[in-house]
Amino acid sequence: MFFDPMYLLFVAPAMLLAAWAQWRVHSAYAAAGRIAPQSGLSGAEAAHEVLRAAHVPGVEIEPVEGFLSDHYDPSKKVLRLSRDVYAGRSLAALGIAAHEAGHAIQDERRYAPLVVRNGLVPLASVSGGLSWVIIFVGFVLASMHVFLGQPLILLGIGAFSLTVVFQLVNLPVEFDASRRARIALIDGGLITAEEDYHVKKVLDAAALTYVAATLSSALTLLYFLFRAGLLGGRDR
């Protein structure tokens, strides 16, 4: 399974999409990062206003190290913003901060896809790396004509499927958080309709990275199925 050109053939579209998505994220973030909102708010202040308007209590907002390391922790009810977003007074900062606040709103409203995603996190975390090991060992044993090889391959593919399911469930969660963010920013008077154009570009670019990740997982699963002989291929 090392250096298999067939794998590159399967995942090439996802790799190209991921590269384009990363370029769009950096480009959109850089452009919107140079534009100060008319409201004059920082990312942290905007997130606070979004949560207040949505009547979501008890969520702490704190800075965290790293570039675009922003995330919402539902287990601790903490919204963590990278320092450029936390203290930044730009349309990029407001868009990203409001997006993460959107996840907190989803959590408060018990948004169904988020509940499912949170339930899949521990399973997907374990199965993601472990599945590759199981599949590799399965193919090695299968190449030696050991009976246990094929069952291990199928077990590994089943485990990897959890990663694909997680990615698929994650898409509506991310898209919905961005939708909530833009509505909250505009309705709250935190950005103008003209400023929303730049916020949308940042959030759309970020959403594309999730699409690329999902596509990569799905194509990798198809590759495994092909190599296992379950998709027109043959077991090796």
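The values are calculated or read from the model by the stated rules, or taken from the named source; none is laboratory data. Since we're looking at a predicted model, the values are computed, not measured. Heads up, the Cβs are rebuilt from the backbone with ideal geometry, glycines too, and the neighbour counts pull from every protein chain shown. These area figures cover heavy atoms from the full protein model, side chains too; ligands, DNA and RNA do not enter into them. Shrake-Rupley method; radii C 1.70, N 1.55, O 1.52, S 1.80 Å.
Key figures
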quantity	calculated
Meets criteria (touching a helix residue (DSSP H, G or I) at 6+ places or on another chain (Cβ under 7 Å) and either aliphatic (A, V, I, L, M) or open to solvent by less than 60 Å² (accessible area, probe 1.4 Å) (or both)) for VAL140	no
Test: residue in region 184-193 that is closer than 18 Å to ALA101 by Cβ, assigned to a helix (DSSP H, G or I), open to solvent by 10 Å² or more (accessible area, probe 1.4 Å) and in contact (Cβ under 8 Å) with a residue 40 or more places away in the chain	yes
From ALA92, ALA87, ALA98, ALA47, residue being open to solvent by 20 Å² or more (accessible area, probe 1.4 Å), small (Gly, Ala, Ser) and at negative phi	ALA87
Flag if SER131 is in a helix (DSSP H, G or I), of a type in the set (Ser, Thr, Tyr) and over 27 Å from TYR29 (Cα atoms)	yes
Any hit, region 164-180, residues being open to solvent by 30 Å² or more (accessible area, probe 1.4 Å), in a helix (DSSP H, G or I) and of a type in the set (D, E, K, R)	yes
Verdict on VAL126 being more than 30 Å from LYS76 (Cβ to Cβ), of a type in the set (A, V, I, L, M) and either outside any helix (DSSP H, G or I) or open to solvent by 60 Å² or more (accessible area, probe 1.4 Å) (or both)	no
Inter-residue pairs, beta-carbon under 6 Å, first touching a residue at least 60 places away in the same chain (Cβ under 8 Å) and farther than 8 Å from GLY156 by Cα and in region 124-138, second open to solvent by less than 20 Å² (accessible area, probe 1.4 Å) and of a type outside the set (Val, Ile, Thr), 6+ apart	none
